[in-house]
There are 2 protein chains.
Amino acid sequence: MHKEILEDIGEKELINRLGKFMPKNQISDDCALIRTKNKNLLVNTDSLVENVHFNDITICPGDLGWKAVVSNISDLLSSGSKKTIGITISLVLPSRTEWIWVEELYKGINKALKEYGGVILGGDCSKGNEKIISITAFGIQGELELRRNACKPGDIILTTGIHGLSKLGFLIQNKTNFDKKFSLNERLIAKSVEHFCRPRVYPNFLNNLLKTRSNKKIKRIGCTDSSDGLFQALQDLASASKCKAIINYEKMPKDKDWPQGDKWDGYYFYGGEDYELVFSLPKKWAKNLTKLDKDINEIGFFADGEPSIVFKESNKNKLLNKTPFKHF
Amino acid sequence: MHKEILEDIGEKELINRLGKFMPKNQISDDCALIRTKNKNLLVNTDSLVENVHFNDITICPGDLGWKAVVSNISDLLSSGSKKTIGITISLVLPSRTEWIWVEELYKGINKALKEYGGVILGGDCSKGNEKIISITAFGIQGELELRRNACKPGDIILTTGIHGLSKLGFLIQNKTNFDKKFSLNERLIAKSVEHFCRPRVYPNFLNNLLKTRSNKKIKRIGCTDSSDGLFQALQDLASASKCKAIINYEKMPKDKDWPQGDKWDGYYFYGGEDYELVFSLPKKWAKNLTKLDKDINEIGFFADGEPSIVFKESNKNKLLNKTPFKHF
């Protein structure tokens, strides 16, 4: 009998299958939700595994701690968390790990918490063959529910920033040799490494959304983050909301020195770990928001149709055949 | 320069050092506490690492899932959780893992949740070289706060059940050869394997505590669980509460066929993973409770003095020199 292993199944199908073990009313989203009388808590767990998500060459422990916190807060924000309460930390570490590594990791963790709010609530530590940092973050659900399944046909698709930088930063840290004709400039190199090692999130995002809301009756909007890449984010929104994303390649916000070509488009759309928010709003609201926050850009719209992504520029649809960001 | 590694530091010292990164008002206990207006949430994370906490020889995935849930619920109960809300599951799995293994794990997880309450709230899954099951469990803090630091001189020390069985079960599953003269009987073998693979907790414990409370003003009692062994539990209570535990060897509840001798005493006191509660109560309350619940036994008392453990039977103090249960 053929034994079915996870490599054959793939990450997305695995998540689908695990879904059948969960209650039907549970949100299938970036965060889990705990309902209490006065306020609802958002909970998110993210694990960083050595040699899958990081290694000692590409990132130092201080940056890793920062990034582990930020990747969790990004998920909280993309569900509409108005405040981060705190985190618990579950570490798995080989017994030969140096104490100074752990200390630097925690300094990075606390630096991010100081920046974005929240405290360390608790944690545990176990021995293992590879380092794993698993953080569970707790936030308070704000007035607006941001959910993957809340996009609507007619909504404008927006994003908070530039994609692909983190992937480029990773490649630079990994000492990848680039084709010489690109001759990346120093500014882009520094910016990309910064994006990879010290990604940032936008705690003001929720306030700006509320400030610019065109219709107070709208309580839910479609949103996720681009931690697994921009295309994965768009695919997740389209699948959960059962509509079709039409993307305008020309409108994509890119760094002014970002090289052209399919390889660089690949980094841009499939790179991952940018932690930009990808979301959808009614037209008027989108217009108000992009006026208020110049870093936010329209990149397309949702339409009726099979859950899928297409480019407005049909010659760009070949980009969609790339293998998505995956961990299995 | 000598590089200090975790193996040199040890688990307890590591936890102490990590404590300095946490806010002072955070409970240093089995669980973290999230304060909300109406009710306080208890949060606990426990990770099970392949070849540290389990392997494919000693435990099947269904039992592992059950045990991962129970070890978390045990921590919630030992902090006074009156209800388990649910859990999030963070898995790290090698890509060659069979799907059926994951399915059986989840069946075991849901079996335990059906038994003790709670649902799967969410989770994530990453690739790694070794299997890791990290569960975060959420409970509601009940009226009584059970804390490691709430034991008082004069309190009676009690425990909910028999220790050492889980360790024996592990050794049996691991096909350890025992000295023939012990000739373990079939009943004890089956019971020990059951304790190791399918440990149980006592959701009625809190109700029985409330029913038998001698003085309604008492809101805090000293408690932890014996997941790291009975001695470690007593040491944690004594250290956190700054008092001395005087243990009565003769009163220890043992299986009627439990063999005698230092080796077996070692399994009993240092075995770990029994998930029995170890706690302290004022005399009258202790008497009421042991009358109501025949499985609960007095095993000693707390006195003024340096945080430490001594036996009433001084010839048993040699047992205290054993290396404690450790994972580094």
note = Residue-normalised 222 nm signal for chain B, counting each DSSP H run of n ≥ 4 as -39,500 (n - 2.57), nearest 500 deg cm²/dmol, is -10000 deg cm²/dmol
inquiry  = Report D for region A:22-82 in µm² per second (integer): Stokes-Einstein, Kirkwood Rh on Cα pairs, 25 °C, 0.890 mPa s.
reply    = 183
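Relative to the compact-globule scaling 2.2 N^0.38 Å, provide the ratio for the alpha-carbon radius of gyration of region B:77-127. Before the final figure, lay out the partial values.
Numbers: Rg = 13.1 Å, N = 51, 2.2 N^0.38 = 9.8 Å.
Dividing the Cα Rg of region B:77-127 by 2.2 N^0.38 Å gives 1.33.
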key: Eligible aspartates and glutamates near residue B:263 by straight Cα distance, threshold 12 Å, same-chain separation 8 or greater   = B:179
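Send over the Kirkwood Rh of chain B, from the inverse of the averaged 1/r over different Cα pairs, rounded to one decimal Å.
On the way: mean 1/r = 0.0485 Å⁻¹.
That comes to 20.6 Å for chain B.
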ask   = Between the DSSP loop rule and a limit of at most 15 other Cβ atoms within 10 Å, which trypsin sites (Lys or Arg not before Pro) in region B:97-200 are left?
value = B:175
note = In whole angstrom, the spacing between the Cα centers of region B:70-134 and region A:31-60 equals 16
task = Run through the other copies and list how far each one's label point is from that of residue B:3, in nm with one decimal, shortest first; the point sits 7 Å from Cα along Cα-Cβ.
result = 3.6
ask   = In 10 Å bins starting at 0, how do the alpha-carbon pair distances of region B:95-168 split up by percent?
value = 12, 28, 32, 20, 8, 1
ask   = How far is residue B:318 from the same spot in each other copy, in nm, shortest first, if each label point sits 7 Å from Cα toward Cβ?
value = 8.1
The protein assembly as shown, dipole about Cα centre (Lys/Arg Cβ +1, Asp/Glu Cβ -1), debye to the nearest 20 = 2600
inquiry  = How far, in nm to one decimal, is residue A:56 from itself in the other copies if the label point is set 7 angstrom along Cα toward Cβ? Shortest first, please.
reply    = 2.9
Shielding by other protein chains, B:88-99, mean Cβ within 10 Å = 6
ask   = Taking the Cα centre of each part, how many Å lie between region B:275-301 and region B:183-254?
value = 9
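Of all alpha-carbon pairs in region B:31-141, indicate the percentage at a distance above 26 angstrom.
Values: 1093 of 6105 pairs.
Summing the P(r) of region B:31-141 above 26 Å gives 18 percent of all pairs.
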request  = Compare B:241, B:71, B:226 in a GNM of chain B, Cα atoms joined below 10 Å, and give the one with the largest fluctuation.
outcome  = B:241
GNM flexibility winner over chain A from A:159, A:36, A:58 (Cα, springs under 10 Å) = A:36
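Give me the one-decimal Kirkwood hydrodynamic radius in Å for region A:145-321, with the sum taken over alpha-carbon pairs. If you can, show how the numbers build up before the last one.
Working: mean 1/r = 0.0601 Å⁻¹.
In region A:145-321 this quantity evaluates to 16.6 Å.
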Surrounding net charge for residue A:250, when Lys and Arg each add one and Asp and Glu each subtract one, Cβ distance under 9 Å = +1
ask   = Top mean-square fluctuation among B:269, B:178, B:21, Gaussian network model of chain B, C-alpha springs under 10 Å?
value = B:21
query = In a solvent-free Debye calculation with one equal scatterer on each Cα, what is log10 I(q)/I(0) for the protein assembly as shown at q = 0.09 Å⁻¹, listed in the order of the q values?
reply = -0.78
Out-of-range pairs (alpha-carbon distance over 23 Å; input B:39/B:216; B:211/B:284; B:12/B:284; B:83/B:283) = B:12/B:284; B:83/B:283
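Values in this text are rule-based calculations from the coordinates and carry no lab data. In this text the structure is predicted, and so the values were computed from the model without any measurement. Here Cβ is always computed from backbone atoms with ideal geometry, including for glycine, and neighbour counts include all displayed protein chains.
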